[in-house]
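Bear in mind that the values in this text are calculations on the coordinates, not laboratory data. The shown structure was predicted, so the numbers you read here are calculated from the model rather than taken from an experiment. FYI the Cβ positions are ideal-geometry reconstructions off the backbone, even for glycines, and counts take in every protein chain you see.
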Amino acid sequence: MPILNKLLRIITSITVAAGILAGAETAASASSISAAWILEPAKQTLTNSQPKQKQSSSRQRSNNPNRNKPRAKAKKVNRSGKRNIKRANYAEGMSWVHMQKKFPGTFVLSGSRDKRKVALTFDDAPDPRVTPVILNTLSKHRIRATFFIVGDRAAKNPELVKRIIREGHVIGNHSYNHAVLTKLPLPQFQQQIWKTDGIIKRIAGVSPRLVRPPYGEMKPQQVAWGKQNGFTVVNWDVDSEDWRNNPSSSRVIANIKKTLQPGSIILQHAGGGDRQNLSGTIDALPVLIEMLQGKGYEIVTLPELLGKKAYR
Ligand SMILES: [Zn+2]
């Protein structure tokens, strides 16, 4: 009988350990959503983000697939009652690293580490206050970048979308109204993608292959649908954190340096909410370009970095 008891104890401890692992993964997923800044809360399809949450999110670290959240932090996230997404993510939840393994070539966080190339990506374009300034700097330095377009913003600023294309940059789909896609049933999710796809096609005559979900969050079945329909989901491995607390240009550069390496995909923003001040991003850009080139990096578009076609 003592042997049987011992066996039972072993089984119990294995079960507990598995539970802890599952909890940590969920926490990583939950905090990655809360870390992202909110573009236009009123426009979100489903939103329960409040300023208070933004505040508490500043304590969380952002979407970095290289970071694992300890169990203690998982509890903290849970108690703050953020967004009520934790429960949903528990069922669906899959860390970025797992998603990358499950959908190789379709859910992407970086390019090849073997070549000294990096890609600059700008989300939440087009924004007449910020995007033209970014374009001017890129043009001056003869750098091409990738812009992730929000459908309703594109509809309001078609000339800016045309300009992005005309100046040799690549555009990708960033949903119709910056919705939290993981909150949407499949038909509404598809609508977010197709509506934006149609607007971009009408304005610029192209059908983007690249999709970046707002906050980097997408459910496995949504990624699977994307794959079937010829889309590639591209997140990032370097977060400039320019969305958080209106950082100075030196803070933006310092944030980028933290995880920069060959093949990196760098997240910045070319548009923001009404209270968003992206002067840090704007001022950092010339310095960033020179810093990257000084380190021997070639700055390329995402399709170049990933060896994929830009458009379907
Ligand atoms: Zn965004």
Under 5 Å, built H, 5+ apart or other chain: amide partners of Phe148:
Phe122, Asp123, Asp124, Ala125, Gly172
Rounded to whole Å and ordered largest first, report the semi-axes of the equivalent ellipsoid of segment 107-306 derived from its Cα gyration tensor (root of 5λ).
25, 19, 16
Taking segment 107-306, how many lysine pairs are there with alpha carbons less than 17 Å apart, if each pair must be eight or more places apart or span two chains?
11
Using Cβ counts within 10 Å as a stand-in for footprinting exposure, how do Tyr215, Tyr311 rank, fewest first?
Tyr311, Tyr215
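How far, in nm, would the chain grow between Arg202 and Lys258 when pulled straight, counting 0.36 nm per residue and subtracting the alpha carbon separation?
Numbers: separation 56, 0.36 × 56 = 20.16 nm, distance 3.94 nm.
Net length gain for the segment: 16.2 nm.
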List, largest first, the extents of the alpha carbons of segment 102-167 along their principal axes, each in whole Å.
37, 30, 18
Got a sec? How would Phe107, Phe148 order by Cβ neighbour count within 10 Å, fewest to most?
Phe107, Phe148
Gain in length, Lys295 to Asn246, computed as 0.36 nm per residue apart minus the alpha-carbon separation, to one decimal in nm?
15.0 nm
Between the residues Gly205, Val133, Gly273, the Cα farthest towards the positive end of the dipole of segment 107-306, that dipole coming from +1 and -1 charges on the beta-carbon of Lys, Arg, Asp and Glu, is from Gly205
Spin-label proximity, Arg129 to segment 262-302 - amide N less than 15 Å from point 7 Å beyond Cα toward beta carbon:
269-283
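Can you tell me the dipole magnitude for segment 107-306 around its Cα centre, using point charges on the Cβ only (Lys, Arg +1; Asp, Glu -1), in Debye to the nearest 20?
Approximately 300 debye in magnitude.
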What's the extension gain from Ser139 to Val287 if we count 0.36 nm per residue and subtract their Cα-Cα distance?
51.8 nm
